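One structure below.
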Amino acid sequence: MNVEKNLLISILKLTKNGPVSDKLVKNEAKILMEIAAKLLRKLQNDGLVYLRKDLVEVDAHQRLRLAVRAIELGADVESVSGFLQWKEFEDIAAVALERNRYSVTRNLRFRHAGRRWEIDVVGCKKPIVLCIDCKHWHRSMYPSVLKKIVEEQVERTFALASSIPNPSYKRIEFASWNKVELVPAVLSLVAGRFKFYGDVPIIPVLQLQDFLNQLPAYADSLKHITKNLSNHLNSD
C-alpha cells in the first residue's frame with residue numbers, strides 16, 4: 001500500500017502544471033521501474049490517469065480522485081491537499097452544478113454592512129441559491145474547527161441575502177426571481193465525522209453529485225434563508 005501511496009503522491013506533486021514523463025514520476029516515487037509501470041497501468045484501467053506514450057496526464061477530477069485515494073491509503077490529508085490547486089477544487093464544484101442545470105458564479109464578491117464579503121461558488125436553480133465554501137483541506141473537522149467554518153459560511157450567506165436586491169447582481173440569475181432560498185454549504189476534500197453541523201451540509205467533493213440529486217427533496221430541512229420581493233428575511 002505504501003508503494004501505491006507514494007506513487008499517487010508523486011503524480012499529484014508533479015502534474016500540478018500539466019503532463020509529466022512517466023520516468024520522472026517513477027523516480028520521484030522512489031520505486032522500482034517495473035512496479036511503477038504496473039501500478040500506472042492499473043491506475044489507467046481504473047480511470048485515474050491517462051498514459052500517452054511516455055507521459056502521465058491527469059485532469060482536475062482525476063487529481064481529486066487520486067488525492068482521496070492517497071488519503072484512504074494513509075497519506076496525510078493536509079500534505080496531499082497542498083498538491084491540489086484551489087482552482088481545481090472550485091472547478092469540480094462548478095462543473096457538478098452546471099451539469100445539474102444550475103447557473104454558476106464563482107468568487108462572488110459583494111459589500112454589506114460596511115464589509116467586503118466573498119462566496120467561493122454560488123449555484124442558482126430556482127428557487128435555490130446554493131452558497132458553497134470550498135475547503136480543499138480537511139483536518140478531521142474537530143467540532144470547534146467545524147463550528148467556526150460553518151458559522152462563517154452562514155454569516156456570508158446571511159450577508160448575501162441581506163444585500164438583495166443589488167443592481168450589481170444583474171448578471172446573476174437569482175436577481176430576477178420573486179423568491180430565493182439561500183442554502184449555505186461547506187465542500188470538503190474527504191468525508192469527516194459530521195455530515196451536517198447546525199443543519200448545514202458538509203459535503204465531500206466526490207459526493208457532491210449525490211447531494212445535488214437529493215437537494216430538492218430536503219432543502220427545506222437544511223439551514224436556509226428565504227427572501228421574497230417584500231425584502232422580508234426569514235431564517236429557518
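The values are calculated or read from the model by the stated rules, or taken from the named source; none is laboratory data. Owing to the predicted nature of the structure, the values given are computational and were not obtained by experimental measurement. Cβ placement follows ideal geometry from the backbone for every residue including glycine, while neighbour counts extend to all protein chains displayed.
In the condition set (1) in contact with a helix residue (DSSP H, G or I) (Cβ under 8 Å, 6 or more places away or on another chain); (2) closer than 18 Å to I203 by Cα; (3) surrounded by fewer than 13 Cβ atoms within 10 Å (Cβ to Cβ), E98 is compliant with all but (1). Within the range 132-183, the set of residues being under 30 Å from A70 (Cα atoms), surrounded by 18 or more Cβ atoms within 10 Å (Cβ to Cβ) and modelled with pLDDT under 85 comprises K135, H136, H138, M141, L146. Here R109 fulfils each of the conditions (1) buried (at least 16 other Cβ atoms within 10 Å of the Cβ); (2) at pLDDT 85 or above; (3) within 30 Å of S163 (Cβ to Cβ) apart from (1). All conditions in (1) farther than 19 Å from D91 by Cα; (2) surrounded by fewer than 13 Cβ atoms within 10 Å (Cβ to Cβ); (3) modelled with pLDDT under 90 hold for N17, with the sole exception of (1).
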